[in-house]
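Reviewing the structure listed below.
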2 protein chains.
Amino acid sequence: MCEVGFFEGPEKLMEVWWKCLPPDQTKVLDNTKSGDLRTISREKWERILELVNCQIISVTKNEEMTAYLLSESSMFVSKTRVILKTCGQTTLLYSIKPMMSMVKEECGLTEIQDFFYSRMSFLEPKLQHAPHQSFDQEAQWLDKLFPNGAAYALGRINGRGCWYLYTLNSGVDEPDQTLEILMQDLDPDIMKEFYKNESSDVKHVTKISGIKDFIPEALIDDALFDPCGYSMNGLINESYFTIHITPQKECSYVSFETNFKLVCYKDLINKVLCAFKPAKFLMTLFANKDAPCSPSIKTFENIITGYKREDFQLCKMKEYNLSYGHFKKDTTSPIS
Amino acid sequence: MCEVGFFEGPEKLMEVWWKCLPPDQTKVLDNTKSGDLRTISREKWERILELVNCQIISVTKNEEMTAYLLSESSMFVSKTRVILKTCGQTTLLYSIKPMMSMVKEECGLTEIQDFFYSRMSFLEPKLQHAPHQSFDQEAQWLDKLFPNGAAYALGRINGRGCWYLYTLNSGVDEPDQTLEILMQDLDPDIMKEFYKNESSDVKHVTKISGIKDFIPEALIDDALFDPCGYSMNGLINESYFTIHITPQKECSYVSFETNFKLVCYKDLINKVLCAFKPAKFLMTLFANKDAPCSPSIKTFENIITGYKREDFQLCKMKEYNLSYGHFKKDTTSPIS
């Protein structure tokens, strides 16, 4: 088992929703314009991802979505939505303008319906490339692209565990909810599972870690990196979940994200925390008016055993309720 | 009526709570140590305020509190709490360490119980002196004094109307609630009342503006500045309210603040908005567990006629609930 140096696990996360082509407009487009992002070839996506500094390592798909496992995290492509999540020193924001041009060219989609860029505070912001060295820098970059974007900082801005968001506040025309659990300082014994060795089998790791049981019916694509690190994408009809693990002791980090439409996330959250046993984590939940889990505030109240909540914020935006919580292991609790 | 140039109305606000001297400790102190901040002389406060760049212009008191009207806003001194609020290019944070030394020397109070520093985003941050040029700079200054302070940014950090807070999250041992309404782009006809002319009478201004009726039983100290501007302090038993007005058209601003312990602020908020008619305002409400108005979230729901809420945030901190709302005149409403 070989230790590697520092790695920035905390991801940059972008979600772009395009407006559907109206039915009559689809007809006037020439045949090469599909109005569907899933018709874009792997090669075209690779050209965009080159700008971000990451590569596609694997692809899975179901009827609703194509899931790309990347050298640095994941990408999910639905008919009119792209979710791009990249860790390390990637330059995610470089992709936006070229992606918009490519999408217009390939699919005829031109109007952005809503846009989200979010991330937690980096462990080592100085190691990032501009404009990712501070959230102010990122927000200025985005302000040039979107004149009415709104930038928020949730949690303590003078500590670790702050979470930043940039959004257009314009809303989407379907139920939408996203849960993220960003975990730090994980149990070292559990993290050992995510190092590659001669007998490593990623399917076995996905099973014994408990990940396989998080959402049992999911179609899973998983990868174990050399010398360490783990990524997985799961597809369940129109929903996804994704996990990325940086097991190194000095910077251990696990992210869990899903838009699986549960009414209550209590059981799923407890499965995730029980599998990884973080010393601290932050959790965010977005839900729009039609989302089944709304009002999301209940998810943050008294249901997380063994952890105490340090901070909670509820942000009522124009179209979404957003909840943020920062939790630490409760050393006074008998369960911890 | 003579127009003056730009003035930074938005205030820096600091609230410091000291721990009471325990009864047995009071006895061992020599007679010059009162354990009571109200025994500090005007001259001693003047020396502290010199560092901030403001002067005392008037003093009122009741049995609970001494209220100072300052050349730039206000100061309220209770037995173990100081509230200092200063506008313009004042350097409020310069006062903390000297104030702590002076309080120790004069009263024997040495332990800070809780601490709050807050302000909205400045109109012209570049005109401020360090460390007030950005909230990051202010938070770094405060981090050196308080190792466990927490810094928050509520509202849109890439727009005007963001509101910053630094606090120790340590709590106080009595019911506490504070409402602030920070108003911008005010009705120009109303603002004309706050210019000084030959026939000006501040008592008349306080009456016709409606301020006299906000909390009718209050003991009021008010001042009209030359050529324009208005300040007032009101005392009601153990509570205060304070208003500061910058009437210039290019930077019009009115602040209203009170810790008057109402269960519901609806009527008071509507009186204030009706008196000044801002095009936009932000409102914050702090309430600890024992405060009569808690849960404060209701104050921000559907009670403010003629305004639409752009953003709402609820921050559940260790000892306080803090609500933030940003509102704009609703041009679609029949009432506006």
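A few remarks follow.
- In the context of the full protein assembly, residue B:298 retains an accessible surface of approximately 150 Å², using a probe radius of 1.4 Å and ignoring ligands and nucleic acids.
- Computed from Cα atoms, the angle from the helix A:135-145 axis to the main principal axis of chain A rounds to 10 degrees.
- Shortest-first nm distances, residue B:203 label point to equivalent points in other copies (7 Å, Cα→Cβ): 9.1
- Our coupling estimate for region B:61-78, obtained by passing each phi through the Karplus curve with A = 6.51, B = -1.76, C = 1.60 and θ = phi - 60°, is 8, 10, 5, 9, 8, 10, 10, 9, 8, 10, 4, 10, 5, 8, 9, 10, 10, 9 Hz, Gly and Pro reported as x.
- Within region A:74-148, the GluC sites (Glu not before Pro) that combine a DSSP coil assignment with at most 16 other C-beta atoms in a 10 angstrom radius are A:111.
- Phi-derived couplings, Karplus 6.51 cos²θ - 1.76 cosθ + 1.60 at θ = phi - 60°, listed residue by residue for region A:327-332: 10, 10, 4, 8, 6, 8 Hz, with x used for Gly and Pro.
- Local electrostatic count, residue B:189, Cβ distance below 12 Å [Lys/Arg +1, Asp/Glu -1]: +1
- Across the identical copies, how the residue B:136 labels are spaced - nm, sorted shortest first, 7 Å along Cα→Cβ: 0.4
- Partner aspartates and glutamates whose Cα lies under 12 Å from the Cα of residue A:33, excluding those fewer than 8 positions away in the same chain, are identified as A:105, A:106.
- Computed from label points 7 Å out along Cα-Cβ, the spacing between residue A:124 and residue A:189 is 3.0 nm.
- Chains A and B together bury roughly 1900 Å² of accessible surface, counting both sides and using a 1.4 Å probe on protein heavy atoms.
- The protein assembly as shown - percent of accessible surface contributed by carbon and sulfur, probe 1.4 Å: 50 percent
- Candidates B:43, B:193, B:257: whichever shows maximal mean-square fluctuation once chain B is modelled as a Gaussian network with Cα springs under 10 Å: B:43
- Once the Cα atoms are used to define both axes, helix A:96-107 deviates from the longest principal axis of chain A by about 50 degrees.
- Taking amide H atoms as placed 1.01 Å from N in the peptide plane, the amide H of residue B:113 lies under 5 Å from those of B:17, B:18, B:19, each 5 or more residues away in sequence or on another chain.
- Sequence-distant aspartates and glutamates (8 or more away, or on other chains) whose Cα lies within less than 13 Å of residue A:249: A:3, A:8, A:185, A:187, A:189, A:193
- Over the residues of the protein assembly as shown, the helix contribution to mean residue ellipticity at 222 nm works out to -5000 deg cm²/dmol, using -39500 (n - 2.57) for each DSSP H run of at least 4.
- Rounded accessible area of residue A:316 (nearest 10 Å², 1.4 Å probe): 50 Å²
- Lysine pairs meeting the criterion (Cα under 27 Å, 8 or more apart or interchain), as found in region B:127-233: 6
- For region A:195-304, the relative contact order is 18 percent, taking Cα pairs closer than 8 Å that sit 6 or more residues apart in sequence and dividing their mean separation by the residue count.
- For chain B, the relative contact order works out to 17 percent when only alpha carbon pairs closer than 8 Å and six or more residues apart are counted.
- In this view, the solvent-accessible surface of residue A:96, computed with a 1.4 Å probe and all protein chains in place, comes to about 10 Å².
- Residue-normalised accessible area of the protein assembly as shown, expressed per residue, 1.4 Å probe, Å²: 41 Å²
- Using the Cβ of residue A:284 as centre and a radius below 10 Å, the other residues enclosed give a net charge of -2, where K and R count +1 and D and E count -1.
- At a threshold of 30 Å², the residues of region B:128-170 that become less accessible to a 1.4 Å probe in the full protein assembly than in their chain on its own are B:151, B:152, B:153, B:156, B:157, B:158.
- Violating pairs (Cα-Cα greater than 21 angstrom) within the set A:12/A:126; A:298/A:328; A:318/B:318; A:44/A:104; A:266/A:329; B:126/B:280: A:318/B:318; B:126/B:280
- At R0 = 51 Å, FRET efficiency that the Cβ-Cβ distance of residue A:44 and residue B:110 yields, to 0.05: 0.15
- Counting Cβ atoms of other protein chains within 10 Å of each Cβ in B:308-314 and taking the mean gives 5.
The values are calculated or read from the model by the stated rules, or taken from the named source; none is laboratory data. None of the values given here were measured: they were computed from a predicted structure. A quick note on method: Cβ atoms are made from the backbone with ideal geometry, for glycine too, and the neighbour counts reach across all protein chains shown. What goes into the accessible areas is simple: the full protein's heavy atoms, side chains included, and nothing from ligands, DNA or RNA. Shrake-Rupley method; radii C 1.70, N 1.55, O 1.52, S 1.80 Å.
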